[in-house]
1. For region 234-306, which fully contained strands (runs of 3 or more DSSP E) count at least 1 residues that are at pLDDT 95 or above and of a type in the set (G, A, S)?
2. For L123, work out the one condition from (1) hydrophobic (A, V, I, L, M, F, W, C); (2) assigned to a strand (DSSP E or B); (3) farther than 19 Å from F410 by Cα it doesn't fulfil.
3. Filter region 73-102 down to residues that are outside any loop (DSSP other than H, G, I, E, B) and more than 23 Å from A302 (Cα to Cα), then give me how many there are.
4. Among the listed residues V373, V353, V394, which satisfies the condition of being more than 18 Å from the chain's Cα centre (by Cα) and crowded, with 16+ Cβ neighbours inside 10 Å?
5. Can you spot a residue in region 267-283 that is touching a strand residue (DSSP E or B) at 6+ places or on another chain (Cβ under 9 Å), within 20 Å of V376 (Cα to Cα) and basic (K, R)?
6. When you go through (1) touching a Gly at 6+ places or on another chain (Cβ under 7 Å); (2) assigned to a strand (DSSP E or B) one by one for R118, which number turns out not to apply?
7. List the strands (runs of 3 or more DSSP E) inside region 309-418, counting only whole elements, that have at least 3 residues being modelled with pLDDT of 95 or more and charged (D, E, K, R).
8. Quick one: how many residues across region 194-233 are closer than 21 Å to A101 by Cβ, assigned to a strand (DSSP E or B) and among the hydrophobic types (A, V, I, L, M, F, W, C)?
Amino acid sequence: MSGTAGYFDSPWPGEDAGPQRRQVALFGDEPRVSGTWTLVTRPAMVATMVVLRAPGEVYLLCHTGGDAAISWVEQIDPVTLEMRRRSPDLPGGKTWPGGVAAHANGSLYVAFGRHVHRLSPDLEVLASAEMPRDRPYNSFVILPDGSLVTKDFGGALPGESSDVVSATTQLVILEPDQLTTITTLELPEGSVARLSADDNDIYVVGTHSLMRCRYEPSTRRCVRDETLTVPYRRDGEGYGWDAVIADGSAWFLNNGEGSQNYDGSLLGKGEATRGQVIVRVELTTGALVRYNVNDQPGAVVANPPAVDCVRGIVVGYDSGHRVVTAWDYRSEPARHLWTRTIGHGGHPIVLEVLGAVVLGDYDPATHDEALMVIDVTSGDQLARVSGVSPIQSVLFGARGFDHDIYVCTFLSVSRVST
């Protein structure tokens, strides 16, 4: 898959399986939807994401909360989830979920709070760096030459008003050895979403516009691409979340306001007066298309949509109302395929061979988060496992090496296998 140079050769070396955020494993066997499903769960404090480095090497990122939070990485048993080893406490700062990735050089990298760290596979600290702004840095992407790109989080922290928005975003590009700064670039609006990248093109979903920047390894400069700045936000809508770079477009969901008020679920947390949509920006022309998810006011999301490039289907959701909708975007005009009541909040996983998407389904009546496998064409349920968590996941899943899936919540890490 293009754009994943710089990452370790693994099915899931970083969040969303790579910088394009396609949420498709780079190789390996997909989970089977027939037979008996097994669920293993263990408590874990703010388990943000699982990444895979090599067969048998599964790593879990966790953190604490508050303005002086710390993070740490655990190497966990890929089947039982028991901790094999743990990194030292890693300096962080103000809390927002960060990220971890397995680099092509063999190291692991962590961004959390105001700090970035380089760890050995045995979780020894090799280098650390403090970032310029006293804000959380919500993860990073790795470029083909191995450089890391991170940025400050520009939105409201837990419990803050949605009026708290940064006026600018600063990209910071780090060399991977000692984490020294190569260059920085300031952009003219805040960004809450995580970065995405395709080769040396870096995509930033700002609070009002999609922007593209380009890193030039030969000159070690990062410049804004003035040919692609696309305003997407309309009156009554909220800011956009993480972009999926797929099929020549950037895809993301709007209506992020209210997500900072998560209290075990996103139900009823939305502040938008306009409905939920999937935003598509064509990367060559800048043309913008919207696909409706839900018309109700009060929509809210905190994560990206799912795009099946094989079938030309995009799946979006409104976590504030337990709505999931799919569109055939290659039809002329685009064709609505299905809408279902599903309480999804986290990052989806796309099973391209099967033609399915893995979603969470939080039921507020039973306080149960289930894992579902949904046919992207029909919306039919292919498999379901209950009891994953008593709260809704708004975090990251991962495909494993052996027909399995990992799920993280603020209380636990789980493995579902067939």
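The values are calculated or read from the model by the stated rules, or taken from the named source; none is laboratory data. All values reported here derive from a predicted model rather than from experimental measurement. Cβ placement follows ideal geometry from the backbone for every residue including glycine, while neighbour counts extend to all protein chains displayed.
1. Strands (runs of 3 or more DSSP E) meeting the threshold: 244-246, 249-253.
2. (2)
3. So the count comes out to 11.
4. Just a single option satisfies the conditions, and that option is V373.
5. There is at least one residue in region 267-283 that is touching a strand residue (DSSP E or B) at 6+ places or on another chain (Cβ under 9 Å), within 20 Å of V376 (Cα to Cα) and basic (K, R).
6. (1)
7. 368-375
8. Residues in region 194-233 being closer than 21 Å to A101 by Cβ, assigned to a strand (DSSP E or B) and among the hydrophobic types (A, V, I, L, M, F, W, C): 6 in total.
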